[in-house]
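Trainee: One structure follows; several queries about it will come next.
The values are calculated or read from the model by the stated rules, or taken from the named source; none is laboratory data. Just so it is clear, the structure is predicted and the values come from calculations on it, not from any experiment. Methodologically, a virtual Cβ is constructed for each residue, glycine included, from the backbone with ideal geometry; neighbour enumeration extends over all protein chains shown.
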Amino acid sequence: MRDIRLLTQMFIPGTLIGPFTQANPGLGGVCTFVGEVRHDAKEHGGVEALELSHYEPLTLPGMHELADRAFDRFTLMGLLMVHRIGVLRPGEPIVCVSAAALHRRDAIDAVDFCMDHLKSAAWFWKREKRADGWHWIEPRADDTRDLARWQS
Amino acid sequence: MITIVLLGKLADLGGASTLTLAAPLDWEGLKAALPPAMAEALDDPRNRVALNGALLADKAELRANASDEIALLPPVSGG
């Protein structure tokens, strides 16, 4: 069972994970990661909103390619990968990845793999609204390091 | 006409998220038609270019005709 989506509206992860688990009968384990928009401390300017933009012809096809690679690399029964676009408020879920497998290691590693690639290589551009206006988020060295973990 | 889609920071630099330019366009023609600051940013190897949804391995190979869409893609944001 494979469910790859971009969502423009606020979602409740449990409403996706429940049906996803049901759709993979006989699984041995499910691993789920949910990312939320951080409330940054006031002294750092406090995030009021996060906006994610994407490029239709690349972003969703890129997520499907990532799912293909996860299925090639791990022994999976199912993969759910949902990412928000648009304007989000702190505390709102931004990404949900869930993997179902016969054995836990495949499920856990597949989620880790998908998250590292979604964060650093997927076609999303983010900007944060702080008290003094909007700021684009630049790529970080950590992201490249996270990707390098999977290159062996 | 050719549609130019500007993503992320490049949309700020270009002053709009889409522009239309007269066809045909090659890489030098595209840069000449954009503000100098934008043209300079496009030469940065971290900024990628897609033609009709397909990434170009070499930007200099760009050949766009009427009704094509060129996307200008800055590096994606991290976490």
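Trainee: What single numbered condition from (1) part of a helix (DSSP H, G or I); (2) of a type outside the set (Lys, Arg); (3) more than 13 Å from every other protein chain (Cβ to nearest Cβ) fails to hold for A:Met115?
Mentor: (3)
Trainee: Only one residue in A:Ala141, A:Ala131, A:Ala110 is under 30 Å from A:Gly28 (Cβ atoms) and small (Gly, Ala, Ser). Which one?
Mentor: Values: A:Ala141 fails: under 30 Å from A:Gly28 (Cβ atoms); A:Ala131 fails: under 30 Å from A:Gly28 (Cβ atoms).
A:Ala110 is the lone residue from the list that is under 30 Å from A:Gly28 (Cβ atoms) and small (Gly, Ala, Ser).
Trainee: Another question, then. Kindly provide the set of residues from the range B:33-54 that are more than 20 Å from A:Lys126 (Cβ to Cβ) and at pLDDT below 95, ordered by number.
Mentor: To start, the set of residues in the range B:33-54 that are more than 20 Å from A:Lys126 (Cβ to Cβ) comprises B:33-40, B:42-43, B:45, B:49, B:51-54.
Within the range B:33-54, B:Ala33, B:Leu34, B:Pro35, B:Pro36, B:Ala37, B:Met38, B:Ala39, B:Glu40, B:Leu42, B:Asp43, B:Pro45 meet the criteria.
Trainee: Another question about this same structure. Among residues belonging to the range A:122-135 that are surrounded by 17 or more Cβ atoms within 10 Å (Cβ to Cβ) and not acidic (Asp, Glu), point out the one that is farthest from the other protein chains (Cβ to nearest Cβ).
Mentor: If we take residues in the range A:122-135 being surrounded by 17 or more Cβ atoms within 10 Å (Cβ to Cβ) and not acidic (Asp, Glu), then A:Lys129 is farthest from the other protein chains (Cβ to nearest Cβ).
Trainee: Tell me, yes or no, whether the range B:26-37 has at least one residue that is touching a Pro at 6+ places or on another chain (Cβ under 7 Å) and over 17 Å from A:Leu58 (Cα atoms).
Mentor: In the first step, residues of the range B:26-37 are kept if they are touching a Pro at 6+ places or on another chain (Cβ under 7 Å); the result is none.
Checking the range B:26-37: not a single residue is touching a Pro at 6+ places or on another chain (Cβ under 7 Å) and over 17 Å from A:Leu58 (Cα atoms).
Trainee: Only one of (1) exposed (fewer than 14 other Cβ atoms within 10 Å of the Cβ); (2) free of Cβ contacts under 8 Å to residues at least 12 places away in the same chain fails for A:Pro57. Which number is that?
Mentor: (1)
Trainee: Moving to a separate point now. If you take the residues of the range A:51-96 that are outside any helix (DSSP H, G or I) and aromatic (Phe, Trp, Tyr), which of them is nearest to the other protein chains (Cβ to nearest Cβ)?
Mentor: Within the range A:51-96, the subset outside any helix (DSSP H, G or I) is A:51-55, A:74-96.
Filter once more, keeping what is aromatic (Phe, Trp, Tyr): A:55, A:74.
Values: A:Tyr55: 6, A:Phe74: 22 Å.
Here the answer is A:Tyr55.
Trainee: On to the next question. Go through the range B:8-25 and count every residue that is among the small types (Gly, Ala, Ser) and touching a residue at least 24 places away in the same chain (Cβ under 8 Å).
Mentor: Filtering the range B:8-25 for residues among the small types (Gly, Ala, Ser) gives B:8, B:11, B:14-17, B:22-23.
With the extra rule that they be touching a residue at least 24 places away in the same chain (Cβ under 8 Å), the set shrinks to B:8, B:14, B:23.
The total comes to 3.
Trainee: Is it the case, given these coordinates, that A:Thr144 is without any contact (Cβ under 8 Å) to a residue 60 or more places away in the chain, within 10 Å of chain B (Cβ to nearest Cβ) and part of a helix (DSSP H, G or I)? Talk me through it step by step, then tell me what you get.
Mentor: On the way: without any contact (Cβ under 8 Å) to a residue 60 or more places away in the chain: yes; within 10 Å of chain B (Cβ to nearest Cβ): yes; part of a helix (DSSP H, G or I): yes.
Yes, satisfied.
Trainee: Where in chain B are the helices (runs of 4 or more DSSP H), entirely inside, with at least 3 residues that are within 14 Å of chain A (Cβ to nearest Cβ), surrounded by 12 or more Cβ atoms within 10 Å (Cβ to Cβ) and of a type outside the set (D, E, K, R)?
Mentor: Values: elements: B:9-14, B:27-33, B:36-43.
Here the list reads B:9-14.
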